[in-house]
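Report on the structure given below.
The numbers here are math on the coordinates, done by the rules we state, and not lab data. Here the structure is a predicted model, which means the values were calculated and not measured. Note: ideal-geometry Cβ built from the backbone for every residue, glycine included; neighbour counts use all protein chains shown.
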Amino acid sequence: MTCVNELYAIGDVARRIGLSVSAIRFYADEGVVTPTHLTDGGFRQYDVHAIARLELVRTLRDLGAGLDDIGRVLAAETTLHDLAATHLRLVEDRLRQFHARRAVLRTIVRQHTTTEQVTSEQLEAWIELAEMVRDEQFRTALWDFLHRTFSTEQGKLMVTPEMMARAERRAALFKEAETAQRAGVPADSPQAKEIAERMASDTAEFAAALTGKHDPGKARCSVADFDRSKAVQVRGRLTGLTLLTRYGSLVATINDTPPPDPDRAAAVQEWMAAALRQDTT
């Protein structure tokens, strides 16, 4: 039976709580848990209360708590609950990091990827992507965006084979415009105007296939009146679109393909808008 007033030598304390003698001395020297008594020979002794405090110190250290945090708990400057809550968040963050890294390692092992095939940027993208898809807020926001986008009749029509083929042709036309714009073709040139006119015509046909209404004039205005600032504002209000853009950027990095670039796309749209407006200036 343990007596409350009984004193224990430092070696006995070490065996009881699973700490080394040097660790107990260190905590004493740092003022975390000081000995209850010093013998005439200078030997340190501890009572059951000090032993209990040392056991708490060991537990908190195992959880990654620093000496300052432990000192505040022992001095009752912070509660054990608050410290535990803080370290629980740290542990959960660390677990998410480990899960993300596990996803990367599993992919590399499964695909027999070599170091020459994976860049540091791709590994970072894998880690961020793994963390992203595990985040409940991301999944909820993305699901809500996709549901609102594709649960309507027009949304369902967007994913039909016919509309997907139209979207591919439209993407090819936009790529042609981007190539010309990046090559320095002036917006007031016949080539720029011809590409922009085809884009306006395609916009009208695309809208007609989607809504059943063919309005070339309206489609042309939508291309000619492009406003980058308004586009940025609209894009900023669509949280799901922002997340989807980031998701697409990470996937592109992993696949070593060009990522989506809203600013680059906006520059091409401004170029086509200027090409269509030259008749009115």
Once the in-chain neighbours fewer than 8 apart are removed, the lysines whose Cα is under 26 Å from Lys230 read Lys175, Lys193, Lys213, Lys218
Mind ranking 193-204, 160-171, 217-228 by how tightly packed they are, going by the mean number of other C-beta atoms within 10 angstrom, highest first?
-> 193-204, 217-228, 160-171
Using a Förster distance of 41 Å, how high is the FRET efficiency between His147 and Arg198, based on the Cβ-Cβ distance and rounded to 0.05?
-> 0.75
With a Förster distance of 45 angstrom and the Cβ-Cβ distance between Val251 and Lys213, calculated FRET efficiency to the nearest 0.05 equals 0.85
Would you mind calculating the gained length between Arg61 and Arg102 on full extension (0.36 nm times residue separation, minus the Cα-Cα distance), in nm to one decimal?
-> 12.2 nm
